[in-house]
1. As a test of the formula, what do you get for the chain when each DSSP H run with n ≥ 4 contributes -39,500 (n - 2.57) and the sum is divided by the residue count, at 222 nm and rounded to the nearest 500 deg cm²/dmol?
2. Just want to confirm a number: the relative contact order over the stretch 1-116, from Cα pairs under 8 angstrom separated by 6+ residues, in percent.
3. Is there a quick way to get the dipole size of the stretch 10-105? I mean about its Cα centre, with the Cβ of Lys and Arg at +1 and of Asp and Glu at -1; what is the value in debye to the nearest 20?
4. Roughly speaking, what is the centre-to-centre gap between the stretch 73-127 and the stretch 1-42 when only Cα atoms are used, to the nearest Å?
5. Among 31-44, 12-25, how do they line up by average Cβ neighbours within 10 Å per residue, starting with the highest?
6. How do the peptides 53-65, 107-119 rank, highest first, by the average count of neighbouring beta carbon atoms within 10 Å per residue?
7. Can you send over the carbon and sulfur percentage of the accessible area for the stretch 1-96, probe radius 1.4 Å, protein chains only?
8. State the answer as a single residue: which of Ala65, Asn21, Val46 lies farthest towards the positive end of the charge dipole of the stretch 10-105, with beta carbon charges of +1 for Lys and Arg and -1 for Asp and Glu, about the Cα centre.
Amino acid sequence: MAYAYDDQNIFAKILRGEIPNDTVLETAHTLAFNDIAPQAPHHVLVIPKGAYVTHDHFAEDASDAEIADFTRVVNEICKRLGIRPGDGGEGYRLISNAGEAGVQEVPHYHMHILSGRPLGRMLKKAD
Ligand code: 5GP
């Protein structure tokens, strides 16, 4: 698997501090911040600090420490937002778009956390 990472993508610029962001949580390997164009009352983006393009790239090449940290940051945000079903919260949706079919706009791996309204069915039929 070969991925060429474009270090001029917008999330790379956020990680370098060249563009501001509304940080929700930052750890050694992971940054979480609010989406600039939220699709739901809660719309948080979680990104690894490493240069990974997609979930598969991250899963293959990231260290166990990076993967564990990322996974736990996603959970910690859901916990802080009070949206975990196990806590009596309303629930949430995780989405990670990859490549052309996934309509990925920013080529740095990211997980969307969405909640705060009924999110409807997972997918609409394609136009
Ligand atoms: P994708 O389509 O790649 O899965 O999602 C990219 C997401 O990044 C979109 O939801 C978009 O609103 C968000 N986004 C794009 N540019 C910026 C930015 O400069 N700051 C923040 N916080 N979010 C951004």
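The values are calculated or read from the model by the stated rules, or taken from the named source; none is laboratory data. Note that the coordinates shown come from a computational prediction; the quantities given were computed from them, not determined experimentally. Positions of Cβ are generated from backbone atoms using ideal geometry, with glycine treated the same way; all protein chains shown enter the neighbour counts. Side chains are part of the model used for accessible areas, which takes the heavy atoms of the whole protein and leaves out ligands, DNA and RNA. Shrake-Rupley method; radii C 1.70, N 1.55, O 1.52, S 1.80 Å.
1. Calculated mean residue ellipticity at 222 nm is -7000 deg cm²/dmol.
2. Relative contact order comes out at 31 percent.
3. Here the stretch 10-105 has a charge dipole of around 300 debye.
4. 15
5. Working: 31-44: 16.2, 12-25: 13.7.
Highest mean packing first, the order is 31-44, 12-25.
6. Working: 53-65: 14.8, 107-119: 19.2.
By packing density, highest mean first, the sequence is 107-119, 53-65.
7. Values: 2680 of 5420 Å².
Roughly 50 percent, rounded to a whole number.
8. Asn21
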